[in-house]
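> Here's a structure for you.
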Amino acid sequence: MSILSLSDWLETPQGSYLLRWEQAKFDLMVADIFGYNAVQIGLPEYDFLRGNRIPFRFHCARSGDIAVVAEGGALPFASASIDLVLLPHVLEFSRNPHQVLREVERVLVPEGSVIIAGFNPLSLWGLRRLVARRSGSYPWRGQYLSVRRTKDWLALLGFETQAGSFGCYAPAFASTKWLERWGFMDKAGDRWWPICGGAYIIQGIKRVQGMRLITPNWRDARAAAKRLSPVAQRGRQVTGGVQKVE
């Protein structure tokens, strides 16, 4: 099979192994993110937004069955208009990954989220890339970014990293048989070598310095409703058997 794109590679046994892990992680991480607009940039063949409940969800890429055709480094969205952005393996195959993150920061609303999936260079998959990168095929041709470097870039842009996970600890075998034989590494990976997974997924939240969310003060409202208003007492005077009210 000719590997012409990352989507083609995801149909191989290696790619399917990675895709199962990432889809489960995306489903879990997007489930409790709310807002009005959510966009997935890249890999439009796979719906990583399916577990999210934001009403308007769409895909953006350079081609394919998508709602918006655009490059990751030049997003055609208004500033502070998107609540959630997904970047599944966008940064390592971009000519200017830092520009992609700058654009994501621009279009996200304050407290908006970006979720990034990438290949981990500090893993068995990273070693496989060093051997195969000369072939120029996917996914080994990419410029893998470490989690530490990605977090540093996010921090420079004002993001706070909230959650993350490593996965796919088995070697990058080409056959399903050998991937299943080494499946025990996935069970032990999080405990014994937690930062050596072949892939990672992290979430960043856009923080705006000096911003404070104003929420209804329900407690004071309830307290005011319970307080009794004072009742003015009017004096009474009895004169000659007749009661006068003053």
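The values are calculated or read from the model by the stated rules, or taken from the named source; none is laboratory data. Note that the structure is a prediction, hence the values are computed from the model and not measured. For neighbour counting, all protein chains shown are included, and Cβ atoms are generated from backbone atoms with ideal geometry for every residue, glycine included. Just the protein is used for accessible areas: all its heavy atoms, side chains included, with ligands, DNA and RNA removed. Shrake-Rupley method; radii C 1.70, N 1.55, O 1.52, S 1.80 Å.
> Across the range 128-185, which residue is most open to solvent (accessible area, probe 1.4 Å) among those that are of a type in the set (Lys, Arg) and more than 30 Å from residue 109 (Cα to Cα)?
134
> Right, another one. Within the range 1-24, take every residue that is in a loop (DSSP other than H, G, I, E, B) and either open to solvent by less than 20 Å² (accessible area, probe 1.4 Å) or among the hydrophobic types (A, V, I, L, M, F, W, C) (or both) and give me the one that is nearest to residue 202 (Cα to Cα).
By that ranking, first place goes to 10.
> What are the pairs, 6+ residues apart or on separate chains, where a residue within the range 1-27 that is under 20 Å from residue 137 (Cβ atoms) has its Cβ under 6 Å from a residue that is exposed (fewer than 14 other Cβ atoms within 10 Å of the Cβ) and at pLDDT 95 or above?
none
> Separate question: For the range 30-45, which residues satisfy the criterion of being modelled with pLDDT of 95 or more and of a type outside the set (A, V, I, L, M, F, W, C)?
35, 36, 37, 40
Listed here are the residues, each with its yes/no results for (1) under 19 Å from the mean Cα position of the chain (by Cα); (2) hydrophobic (A, V, I, L, M, F, W, C).
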| position | (1), (2) |
| --- | --- |
| 161 | yes, no |
| 173 | no, yes |
| 178 | no, yes |
| 183 | no, no |
| 186 | no, no |
| 190 | no, no |
| 202 | yes, yes |
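> Assess whether residue 159 counts as being at pLDDT 60 or above, closer than 21 Å to residue 48 by Cβ and in contact with a Lys or Arg (Cβ under 9 Å, 6 or more places away or on another chain).
yes
> Give me a count of the residues in the range 195-207 that are open to solvent by less than 60 Å² (accessible area, probe 1.4 Å) and over 17 Å from residue 149 (Cα atoms).
Matching residues across the range 195-207 total 1.
> Checking the conditions here, which among 186, 190 is closer than 18 Å to residue 25 by Cα, modelled with pLDDT under 85 and of a type in the set (Asp, Glu)?
Going through 186, 190 in turn, the sole match is 190.
> Hey, another quick one. Considering only the range 6-35, state which residues are touching a strand residue (DSSP E or B) at 6+ places or on another chain (Cβ under 6 Å) and closer than 24 Å to residue 109 by Cβ.
25, 29, 33, 35
> Quick one: which residue in 104, 68 is in contact with a strand residue (DSSP E or B) (Cβ under 7 Å, 6 or more places away or on another chain) and open to solvent by less than 20 Å² (accessible area, probe 1.4 Å)?
104
> Checking residue 65 against (1) part of a loop (DSSP other than H, G, I, E, B); (2) touching a residue at least 12 places away in the same chain (Cβ under 8 Å); (3) farther than 30 Å from residue 174 by Cα: exactly one of these is not met. Which one?
Unmet condition: (3).
> Can I ask one more? Considering only residues that are over 24 Å from residue 77 (Cβ atoms) and surrounded by fewer than 14 Cβ atoms within 10 Å (Cβ to Cβ), which ones fall in the range 25-60?
28
> If you check residue 98 against the conditions, is it touching a helix residue (DSSP H, G or I) at 6+ places or on another chain (Cβ under 7 Å) and surrounded by fewer than 17 Cβ atoms within 10 Å (Cβ to Cβ)?
Yes.
To keep it simple, each residue is scored yes or no on (1) farther than 27 Å from residue 95 by Cβ; (2) small (Gly, Ala, Ser); (3) within 17 Å of the chain's Cα centre (by Cα).
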{"residue": "25", "(1), (2), (3)": "no, no, yes"}
{"residue": "38", "(1), (2), (3)": "no, yes, yes"}
{"residue": "42", "(1), (2), (3)": "no, yes, yes"}
{"residue": "47", "(1), (2), (3)": "no, no, yes"}
{"residue": "50", "(1), (2), (3)": "yes, no, yes"}
{"residue": "65", "(1), (2), (3)": "no, no, no"}
{"residue": "74", "(1), (2), (3)": "no, yes, no"}
{"residue": "77", "(1), (2), (3)": "no, no, no"}
{"residue": "80", "(1), (2), (3)": "no, yes, yes"}
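> Here is a further query. Which of the following residues is without any contact (Cβ under 8 Å) to a residue 40 or more places away in the chain and either assigned to a helix (DSSP H, G or I) or among the hydrophobic types (A, V, I, L, M, F, W, C) (or both): 87, 127, 101?
Checking each option against the conditions leaves just 127.
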